[in-house]
1. Any idea which of Val273, Val300 is assigned to a loop (DSSP other than H, G, I, E, B), under 24 Å from Phe220 (Cα atoms) and either under 16 Å from the mean Cα position of the chain (by Cα) or outside the structural domain of Arg11 (by TED's automatic domain parsing) (or both)?
2. List pairs: first in the range 131-150 and more than 17 Å from Arg208 (Cβ to Cβ), second basic (Lys, Arg) and surrounded by 10 or more Cβ atoms within 10 Å (Cβ to Cβ), Cβ under 9 Å, 6+ apart or cross-chain?
3. Is there a residue being farther than 24 Å from Leu222 by Cα, of a type in the set (Val, Ile, Thr) and modelled with pLDDT under 90 anywhere in the range 66-77?
4. Across the range 209-241, what is the number of residues that are in a strand (DSSP E or B), in contact (Cβ under 8 Å) with a residue 24 or more places away in the chain and over 13 Å from the mean Cα position of the chain (by Cα)?
5. Looking only at the range 242-254, decide whether some residue is under 16 Å from the mean Cα position of the chain (by Cα), under 20 Å from Met58 (Cα atoms) and in contact (Cβ under 8 Å) with a residue 40 or more places away in the chain.
6. Can you tell me how many residues within the range 232-247 are modelled with pLDDT of 85 or more and surrounded by 15 or more Cβ atoms within 10 Å (Cβ to Cβ)?
7. Tell me, please, whether a residue that is in a helix (DSSP H, G or I), in contact (Cβ under 8 Å) with a residue 12 or more places away in the chain and either on the phi > 0 side of the Ramachandran plot or surrounded by fewer than 21 Cβ atoms within 10 Å (Cβ to Cβ) (or both) can be found in the range 65-72.
Amino acid sequence: MAAKNVMDTLRERGFIKQIVYEEELYKLLGNESVTFYIGFDPTADSLHVGHFMQLKIMAHMQRAGHRPIALIGGGTALVGDPSGRTDMRSILTCDTVGSYCECFQRQMQKFVDFSDNKAIIVNNAEWLTHLNYIDFLREVGTCFSVNKMLTAECFKNRLEKGLSFLEFNYMLMQSYDFLVLLRRYGCLLQLGGDDQWNNMLGGVDLIRRKEQKDAYAMTFSLLTTSDGIKMGKTAKGAVWLSAQKTSPYEFFQYWRNISDLDTEKCLKLLTFVELEEINELCRHLDERMNEAKVRLAYEVTALVHGKDIAEKVKAQAEAAFSNNIEEMRQTSVLSDNIIDVLVEVGFAKSKSEARRLIDGGGVSVDESKVNSYDFILPKEFVLHKGKKAHIKVIRK
């Protein structure tokens, strides 16, 4: 039996949004091993769940016999991508971007097989930071129409608030990346989120003009809730892949507590669970969806943090839900004040938020509702925030 075309796999799981030269690309992916790339601009010291979806796409492509290039944007991060932004990003120092690049490279090794040239990691700082500006304008700038660029969504959305000339260069730089990767590695395909569509079209067109070759682009739906809100945000901020920035328990609980309406989509996009099993897990939009959400949380946590940790936090979460104190996640705190403890364990972002939780009746210690800011805490207790967040606390 012929191997399944990876485009069919990606479409069935709900990834694909837009494609350049779809019929030709489908035939190419079905008949050849294609070198492709996805860009990751290092704007923080860890990848987050939005990046994780891109890494899952890389893994699907690699499993189908295609070769990934993970392009770390050590050069483009110094400029800033205006796509999806209403304001200008903070300008990062070269040293900061360099350290972020190293963090990204270490984390990516978990998700993509880079052994024996099966995948490549490259940093566009290698060529972008050494460009001669006049030469770049003459080779690349002449291929872009300012009028056409200004119709792109990534620029249109920023014109009212102000678009810096620095950011205006981003499309040219990303397009040039594609050209360089074609010349160096035979890369024919760029993949990315749908907010990158115009930048990717720029690369396809630049290759056609400079090399007289066809190149391809395929974008994917952004990871959003059923209400259209970007996923991966909590009261504490982004959901990171780093255990130091988002603990495995918090990571597990994020997926365990998502909306029923988002569970099937996330199982398809973020796990390797077979579609038949996903359909069976998500057949009933009632309390039986809890099993599907636990499966989602376990699978994603296992991919990011390993199976042993996923088993551990799953047991802790189940213990918290059933009030099994022996198995419940626990932590030590220094404070004896309930407001400070709520902040210290991460149940509240600030003291004012902790007070609002108490005022709203959302905090309990063991079986007692906390109804005062001066609530007397025992030496050991189980702290509850609402019905879903529970932790055993030991005061030092």
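1. The unique qualifying residue is Val273.
2. Qualifying pairs under 9 Å: Leu150/Lys156.
3. Looking through the range 66-77, none of the residues is farther than 24 Å from Leu222 by Cα, of a type in the set (Val, Ile, Thr) and modelled with pLDDT under 90.
4. The total comes to 4.
5. Yes, some residue in the range 242-254 is under 16 Å from the mean Cα position of the chain (by Cα), under 20 Å from Met58 (Cα atoms) and in contact (Cβ under 8 Å) with a residue 40 or more places away in the chain.
6. 8
7. No - not one qualifying residue is present in the range 65-72.
Okay, residues lined up against (1) assigned to a strand (DSSP E or B); (2) touching a residue at least 40 places away in the same chain (Cβ under 8 Å); (3) under 23 Å from Lys245 (Cβ atoms):
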{"position": "Gln18", "(1), (2), (3)": "yes, yes, no"}
{"position": "Glu23", "(1), (2), (3)": "no, no, no"}
{"position": "Gly39", "(1), (2), (3)": "yes, yes, yes"}
{"position": "Thr43", "(1), (2), (3)": "no, yes, yes"}
{"position": "Met53", "(1), (2), (3)": "no, yes, yes"}
{"position": "His60", "(1), (2), (3)": "no, yes, no"}
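The values are calculated or read from the model by the stated rules, or taken from the named source; none is laboratory data. All values reported here derive from a predicted model rather than from experimental measurement. Here the Cβ is made from the backbone with ideal geometry for all residues, glycine too, and neighbour counts use every protein chain on show.
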